[in-house]
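So the structure is just underneath, and the comments pick up after that.
The values are calculated or read from the model by the stated rules, or taken from the named source; none is laboratory data. Keep in mind that this is a model prediction, so the values were computed, not measured. Cβ atoms come from the backbone with ideal geometry, glycine included; neighbour counts cover every protein chain shown.
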Amino acid sequence: MILDTLPEQLGANRFIDANEELSGPLDCKHYKRFAEMATLAPGARLTLRGYREPYGPAVVVGELQAEAQMTCRRCLKPVTVVLEGAIRWGIVFSESEIQGLDKDLDPILVEEGQLPLRQAIEDELVLLLPIMPTHESCNSDWILDTELVDVSEKKSPFAVLAVLKN
Ligand SMILES: [Zn+2]
């Protein structure tokens with residue numbers, strides 16, 4: 001099932017028992033907490049499928065693919081970061097079930113039968129953000145600026161100031 005937009009919540013049991021794949025775009029306006037840290041680029045997508053392991057928990061697996069703009073910590077210019085992550089949610093219906101969950105599953109607490117989809121996606125997005133976003137190599141403008149300063153430094157400190165003023 002391909003959706004135009006991902007719903008805020010999913011009926012957990014129905015989704016898991018349907019065993020159907022769901023995919024849709026991520027709309028940046030639904031992720032306000034993320035937006036304070038990075039700007040989600042258009043084209044971000046999520047694919048999910050729910051199933052029930054025999055004698056095990058209900059599981060939702062999927063893939064998240066997005067790009068976001070952050071500020072490079074080295075040159076302070078925008079840098080695009082690729083956010084790709086595998087989703088492995090263990091669906092629990094009470095806090096006490098979290099203890100018994102496999103460690104490789106991220107617990108998602110369902111309340112009143114509803115899986116908090118957008119909140120869970122936002123948590124994934126935030127976790128995928130690099131702590132220190134930087135360009136692989138900062139862009140040529142920046143390198144050029146540095147070279148200019150280096151050259152003039154050899155002449156006199158005032159030449160450096162002149163370059164900076166220009
Ligand atoms: Zn940079």
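What to note about this one:
- Meets criteria (part of a strand (DSSP E or B), among the acidic types (Asp, Glu) and more than 15 Å from Leu127 (Cβ to Cβ)) for Glu63: no
- Scanning region 103-122 for residues that are loosely packed, with under 14 Cβ neighbours inside 10 Å and in contact with a Lys or Arg (Cβ under 9 Å, 6 or more places away or on another chain) yields Asp104, Gly113.
- Scan of region 124-139 for residues that are exposed (fewer than 15 other Cβ atoms within 10 Å of the Cβ) and not in a loop (DSSP other than H, G, I, E, B), ordered by number: Leu127
- Close contacts from region 56-81, counting a first residue that is over 30 Å from Val92 (Cα atoms) and not assigned by TED's automatic domain parsing to the domain that holds Arg33 and a second that is at pLDDT 95 or above and charged (D, E, K, R), with Cβ to Cβ under 9 Å and a gap of 6+ residues or different chains, come to none at all.
- Of the numbered criteria (1) over 17 Å from Leu117 (Cβ atoms); (2) at pLDDT 95 or above, the one Pro54 fails is (2).
- Filtered by the rule that a residue be at pLDDT 95 or above, of a type in the set (A, V, I, L, M) and in a loop (DSSP other than H, G, I, E, B), region 1-43 gives Leu26, Met37, Ala38, Ala41.
- Some residue of region 35-57 being exposed (fewer than 12 other Cβ atoms within 10 Å of the Cβ) and under 21 Å from Gly11 (Cβ atoms): yes
- Restricting attention to region 70-87 and to residues that are exposed (fewer than 14 other Cβ atoms within 10 Å of the Cβ) and under 30 Å from Leu115 (Cβ atoms), the residue that is farthest from the ligand (Cβ to nearest atom) turns out to be Ala86.
- Here Asp102 meets the list (1) assigned to a loop (DSSP other than H, G, I, E, B); (2) within 16 Å of the ligand (Cβ to nearest atom); (3) in contact (Cβ under 8 Å) with a residue 24 or more places away in the chain almost entirely, failing just condition (2).
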